[in-house]
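A.B. asks: Below you will find the structure I want to go over with you.
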Amino acid sequence: MTRHCPTRRTIGAAVLALTTVLAASSASATAVAADPLPGVTPRAETPVLHDDDAGGNADADDPAIWRNTADPARSLVIATAKEGGLRAYDLDARPVQSVAAPPADGPDDAPGRFNNVDLVHGLKLASGAADLAVTSDRGHDRLRFYRIDRDRSGGPLTDVTDPAAPPVFSADQAEINEQRTAYGLATWQDKASGRSYALVSRRERTSVALLELLPGRDGKVTYRKVRTLDLPSSFRLPNGTSWSPCAEPGELPQVEGMVVDPENGTLYAGQEDVGIWRLRADLTGKPELVDKVREYGVPGVYDEETEECAPGADPGYGGKRITADVEGLTLVNEDGGDGYLLASSQGDNTFAAYDRELSDHNEYEGGFRVTPAGGALDGSEECDGAAALNEPLGPKYPHGLLVVQDGHDVPGDGDRPSTNFKFVDLGKVTKALDD
């Protein structure tokens, strides 16, 4: 999910994806041209962030939408900016608050880097029930918690992280500095027990950890690890061979985008170069692959000199809907269990929609693009994170809101890396999918 600040693994994946797409048959290309996905335009965009020294290494990544039940028009979008910390925006996409990521613990240690964010509603703390923004701090391998109080003087977000909260995956600071740390994030409340959890993936590994969120002293929040599950890193293909996505030596196909269906406790996890998994949010039972990326099964050889993957011939075992990386996952909840699972298909700048109902086996329902609205308001490219909320949010978004990250904001600012978030009327999205 670092497409606009690429690692060597990501560059290799991008080259592999591009080569595979270019190698598609002319008949397939003609079909796509004749039947393009519908476009939906954003209504607003947040100010641009720059991932350079002058911009504070701020890089838009993942959003969440907090609904103000007392006054929906004053709801908030809370989003990560990696080393730039956390941002809160109003529904006009104007900044409300900027929260800095924690500094490095020592001169040779990694600084705070907020990767993903999700929400917890009504967690019972010593100071009373609270809505929280939860973010994965990749730099420190920890979760961070911010209480949401819309009208608090100084801004709606207050850090309530227990200082004693432990690393999620690492044994010590030396291991933290290797940065195989907390990465993707989704929250979940178990209806049966009422307990709140976070599911956290590990960078450059296939691990997903289940953490129970717990009240600490003085209104602080901490957590304990319940269990960890490792998704596959190698796959048996129909021709009897074994395949793993091409990557830098030592790296495994990581998970980032995740979301839990609150009605049935189903976790959907996007393994970036593999596809979308469906499994129980308590990490018991057997994971099922809902859909595969187009590049699934394509062999590749990593070249140390070029730091890229050289792809081989496509054996045709991949999916037809999403192009690596599969990124931000979010749900559009409708009454009676209806609705959609949305996935960012980062490699071709599209979004795929799947039926939310398990009885329909998460059948593919269509797709769309977020396209320019004209003038300086562009669409979304190389999208990392997305969040949807199918509830009225005042007169601007009476049919709900979809927020998507834009990994390449246009016009941007010269050669500076430029990212931000686009706000889209969710009613436009559901109409495009229903047509």
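The values are calculated or read from the model by the stated rules, or taken from the named source; none is laboratory data. Every value quoted in this text rests on a predicted model; they were computed, and no experiment measured them. All Cβ positions, even for glycine, are placed from backbone atoms using ideal geometry, and neighbour counts span all protein chains on display. The accessibility values were calculated without ligands, DNA or RNA, using every heavy atom of the protein model including side chains. Shrake-Rupley method; radii C 1.70, N 1.55, O 1.52, S 1.80 Å.
A.B. asks: With a probe of 1.4 Å, find how much accessible area the chain has per residue, and write the answer as a whole number in Å². Write down the numbers at each step before the final one.
C.D. replies: Working: 17500 Å² over 435 residues.
Accessible area per residue, the chain: 40 Å².
A.B. asks: Sticking with this structure for a sec: I need the GluC sites (Glu not before Pro) found in the stretch 166-240, filtered to DSSP loop residues with at most 13 other beta carbons within 10 Å of theirs. Working shown, then result.
C.D. replies: Working: sites: 175, 178, 204, 212; in loops: 178, 204.
Hits after loop and neighbour filter: 178.
A.B. asks: Also, I was wondering about something else. Top mean-square fluctuation among 222, 69, 323, Gaussian network model of the chain, C-alpha springs under 10 Å?
C.D. replies: Sorting by GNM fluctuation, first place goes to 69.
A.B. asks: I want to check the label-to-label distance for residue 413 and residue 151. Put each point 7 Å from Cα in the C-beta direction and report it in nm to one decimal.
C.D. replies: If labels sit at residue 413 and residue 151, their model points lie 3.5 nm apart.
A.B. asks: Starting from the Cα-Cα distance between residue 320 and residue 241, subtract it from 0.36 nm times their residue separation and give me the gain in nm to one decimal.
C.D. replies: Numbers: separation 79, 0.36 × 79 = 28.44 nm, distance 2.12 nm.
Length difference between fully extended and current span is 26.3 nm.
A.B. asks: Hey, what number do you get for the chain at 222 nm if only DSSP H runs of n ≥ 4 count, each worth -39500 (n - 2.57), divided across all residues, to the nearest 500? Working shown, then result.
C.D. replies: Details: 4 runs with 38 residues, N = 435.
Result for the chain, helices only: -2500 deg cm²/dmol.
A.B. asks: Report the residue, chosen from 384, 335, 348, that carries the largest GNM mean-square fluctuation when the chain is represented by alpha-carbon nodes joined by springs under 10 Å.
C.D. replies: Ranking 384, 335, 348 by mean-square fluctuation puts 335 first.
A.B. asks: Using a 1.4 Å probe over the heavy atoms of the protein chains, calculate the carbon and sulfur portion of the accessible area of the chain as a whole percent. Don't jump to the answer; show the numbers that get you there.
C.D. replies: On the way: 8460 of 17500 Å².
With neighbouring chains kept in place, the figure for the chain is 48 percent.
A.B. asks: Once you've got the Cα coordinates, tell me which of 191/292; 191/431; 191/225; 124/220; 396/431 are over 21 Å apart. It would help to have the intermediate numbers written out before the result.
C.D. replies: Values: 191/292 30 Å; 191/431 31 Å; 191/225 19 Å; 124/220 11 Å; 396/431 17 Å.
In this structure, 191/292; 191/431 exceed 21 Å between Cα atoms.
A.B. asks: Amide H to amide H under 5 Å from residue 323: which residues, 5+ apart in sequence or cross-chain, H placed 1.01 Å off N in plane?
C.D. replies: Excluding prolines and chain starts, which carry no amide H, the hits are 294, 346, 347, 348.
A.B. asks: Could you run the Karplus curve 6.51 cos²θ - 1.76 cosθ + 1.60 with θ = phi - 60° over the stretch 308-313 and give me ³J(HN,Hα) per residue in whole Hz, x for Gly and Pro?
C.D. replies: In residue order, the calculated couplings are 9, 9, 9, x, x, 6 Hz.
A.B. asks: Can you list the HN-Hα couplings for the stretch 97-110, worked out from phi with the Karplus curve (6.51, -1.76, 1.60; θ = phi - 60°), rounded to whole Hz and with x for Gly and Pro?
C.D. replies: So the J values, rounded to whole Hz, are 7, 10, 10, 6, 6, x, x, 5, 5, x, x, 9, 9, 6.
A.B. asks: Could I ask something else about it? State whether the chain is rounded, prolate or oblate according to the following rule on the C-alpha gyration tensor (a ≥ b ≥ c being the square roots of its eigenvalues): a/c under 1.5 gives rounded; otherwise a/b larger than b/c gives prolate, and the remaining case gives oblate. Numbers along the way, then the final one.
C.D. replies: Working: a/c = 1.37, a/b = 1.20, b/c = 1.14.
Because its axes are fairly even, with a/c under 1.5, the chain counts as rounded.
A.B. asks: Spin-label point model (7 Å from Cα, Cβ direction): what's the residue 431 to residue 306 distance in nm?
C.D. replies: Distance between the two pseudo-spin positions: 4.6 nm.
A.B. asks: Can you give me the relative contact order of the chain as a percent, contacts being Cα pairs under 8 Å and 6 or more apart? Show your work: numbers first, answer last.
C.D. replies: Details: 1198 pairs, mean separation 72.3, N = 435.
Dividing the mean separation by the residue count of the chain yields 17 percent.
A.B. asks: In addition: Determine ³J(HN,Hα), in whole Hz, for all residues of the stretch 49-66 in sequence, where each value follows from phi through the Karplus function 6.51 cos²θ - 1.76 cosθ + 1.60 and θ = phi - 60°; x replaces Gly and Pro.
C.D. replies: 10, 10, 8, 8, 4, 5, x, x, 6, 8, 9, 4, 9, 9, x, 9, 10, 9
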